[in-house]
């Protein structure tokens, strides 16, 4: 994904917060997913349109991680969401 690309949710999922982890259920496919750690923060950030670059900037302010590692993790996570057609 391009750093300037705007991320937008395509699908609303039923999301439950369980002890710091989010459990998401896609009733259309019958699949469920668990996310934790920075994935929770990314999920919260993409509830509104936001650029990949802004997600990375916000996470760098929250976590003690290199920009390179943060960018790779964000790209990987968003790539999975894109594969699932959530974004």
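The values are calculated or read from the model by the stated rules, or taken from the named source; none is laboratory data. If you're wondering where the values come from, they're calculated on a predicted model, not measured in any experiment. So basically every Cβ, Gly included, is an ideal-geometry build from the backbone, and we count neighbours across all protein chains shown.
Residues in segment 10-41 that are touching a strand residue (DSSP E or B) at 6+ places or on another chain (Cβ under 8 Å) and assigned to a helix (DSSP H, G or I): 2 in all.
Inspect all residues belonging to segment 52-68 and state whether any of them is in contact with a helix residue (DSSP H, G or I) (Cβ under 6 Å, 6 or more places away or on another chain), crowded, with 16+ Cβ neighbours inside 10 Å and in contact (Cβ under 8 Å) with a residue 40 or more places away in the chain. Looking through segment 52-68, at least one residue is in contact with a helix residue (DSSP H, G or I) (Cβ under 6 Å, 6 or more places away or on another chain), crowded, with 16+ Cβ neighbours inside 10 Å and in contact (Cβ under 8 Å) with a residue 40 or more places away in the chain.
Can you confirm whether residue 48 is part of a loop (DSSP other than H, G, I, E, B) and either under 20 Å from residue 68 (Cα atoms) or touching a residue at least 24 places away in the same chain (Cβ under 8 Å) (or both)? Give the steps one after another, and end with the answer.
Details: part of a loop (DSSP other than H, G, I, E, B): yes; either under 20 Å from residue 68 (Cα atoms) or touching a residue at least 24 places away in the same chain (Cβ under 8 Å) (or both): no.
Judged against the criteria, residue 48 is not a match.
Across segment 2-32, which residue is surrounded by the most Cβ atoms within 10 Å (Cβ to Cβ) among those that are in contact with a helix residue (DSSP H, G or I) (Cβ under 9 Å, 6 or more places away or on another chain) and either under 13 Å from residue 50 (Cα atoms) or at pLDDT below 85 (or both)? Before the answer, list the steps.
Restricting attention to segment 2-32, the residues satisfying the condition of being in contact with a helix residue (DSSP H, G or I) (Cβ under 9 Å, 6 or more places away or on another chain) are 2-7, 9, 15, 17, 20-22, 24.
Narrowing further to those that are either under 13 Å from residue 50 (Cα atoms) or at pLDDT below 85 (or both): 2-7, 9, 20.
Values: 2: 8, 3: 13, 4: 9, 5: 12, 6: 13, 7: 21, 9: 14, 20: 8.
Among those residues, the one meeting the criterion is 7.
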